[in-house]
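This report concerns only the one structure given below.
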Amino acid sequence: MNLRPLGKTGLEVSVLGFGAFKIGRNQGIKYAQGYDLPAMPQVQQLIDGLLQMGVNYLDTAPAYGLSEERLGATLPASREGVVVSTKVGETFEQGVSHFDFSEAGVQASVRRSLNRLKCSTLDVVFIHSNGQDMSILEQTPVVATLQQLKAQGLIRAIGFSGKTVEGAQASLRWADVLMVEYHLEDRSHEDVIAHAASQGVGVVVKKGLASGRLPAEQAIEFILANPGVSSLIIGGLNLNHIRSNVEVARRVLGG
């Protein structure tokens, strides 16, 4: 699997990353069809298979139910070369999302993530926006709190996973990494991606297949052709399906 630098963070990530939503949550979902949460042996098989394929980047969040805890239990003790990103701001409990961007809330979230993921330092922590990007960035202490936690060595890189171009653009003032929606049906963040690349800010793409509306090969080729993109996050529970996407990426990049 081809690797790309994650901006200036010093981390290198596989061009296809794994979105770990479905290993931890099946309530309050936006997918057309429901699904059962996999049992732990299936999660272990999935994670082992991903790492064997060269997928070294995994994305999770407290809002993904049991996802962080399950990744912490199934990732190898030696995680050299494995990059895990998580988030702050949103939690999901008893079927409901709760948002907290306060200093105490962010600090507590990071401590829980460190414990669940069984690590002493989090590779990447994104702000998990509720859609009110500018209000979060300008009216809460979340950015300053993450900067403090990074200075303390608890986080290697910080960033923003938002909904708007304005929020992404504003985050370039402080972010190491951005997570943006980008695909053939929505190219609104294209200029931001270019701007980020010029500043050495890593870019992770979410929803690159437009929630399944776009053919995988077409979508993957379009996104990975953009040199400003570090990694495209693809989720799922079917290892064969993920393997086929990995093969597409290899063909596209000639790897």
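The values are calculated or read from the model by the stated rules, or taken from the named source; none is laboratory data. The structure presented is a predicted model; accordingly, all values stated were derived computationally and were not measured. Ideal geometry is used to build each Cβ from the backbone, glycine not excepted, and the neighbour counts take in all protein chains shown.
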Determine whether residue 170 is surrounded by 15 or more Cβ atoms within 10 Å (Cβ to Cβ), aliphatic (A, V, I, L, M), touching a residue at least 24 places away in the same chain (Cβ under 8 Å) and assigned to a helix (DSSP H, G or I).
yes
Among the residues of segment 199-211, is any free of Cβ contacts under 8 Å to residues at least 24 places away in the same chain, more than 19 Å from the chain's Cα centre (by Cα) and loosely packed, with under 14 Cβ neighbours inside 10 Å?
no
Only one of 116, 187 is among the charged types (D, E, K, R), farther than 26 Å from residue 73 by Cα and either under 16 Å from the mean Cα position of the chain (by Cα) or at pLDDT 95 or above (or both). Can you tell me which?
187
Restricting the first residue to segment 98-109 and requiring it to be over 12 Å from residue 140 (Cα atoms) and in contact (Cβ under 8 Å) with a residue 24 or more places away in the chain, which pairs with a second residue that is assigned to a helix (DSSP H, G or I) and among the charged types (D, E, K, R) meet a Cβ separation below 7 Å and a spacing of at least six or different chains?
none
Has segment 7-17 got at least one residue that is in a helix (DSSP H, G or I) and either at pLDDT below 95 or of a type outside the set (Phe, Trp, Tyr) (or both)?
no
Sole residue being modelled with pLDDT under 95, in a strand (DSSP E or B) and not aromatic (Phe, Trp, Tyr), chosen from 85, 97, 78:
97
Picked from segment 123-144 (must be surrounded by fewer than 24 Cβ atoms within 10 Å (Cβ to Cβ) and of a type in the set (S, T, N, Q)), the residue farthest from residue 63 (Cα to Cα) is 139
Scan of segment 137-167 for residues that are over 25 Å from residue 231 (Cα atoms) and in a helix (DSSP H, G or I), ordered by number
138, 139, 144, 145, 148, 151
Contacts under 9 angstrom Cβ, first residue in segment 59-84 being under 19 Å from residue 42 (Cβ atoms) and of a type in the set (Lys, Arg), partner in a loop (DSSP other than H, G, I, E, B) and at pLDDT 95 or above, 6 or more apart:
70/20; 70/23; 70/24; 70/38; 70/60
Suppose we keep only residues that are crowded, with 17+ Cβ neighbours inside 10 Å and assigned to a helix (DSSP H, G or I) within segment 52-68. Which one would you say is farthest from the chain's Cα centre (by Cα)?
53
Does residue 23 qualify as being part of a loop (DSSP other than H, G, I, E, B) and out of contact with any Pro (no Cβ under 7 Å at 6 or more places or on another chain)?
no
Given the conditions (1) out of contact with any helix residue (DSSP H, G or I) (no Cβ under 8 Å at 6 or more places or on another chain); (2) not in a loop (DSSP other than H, G, I, E, B), and given that residue 211 satisfies all but one, which numbered condition is not satisfied?
(2)
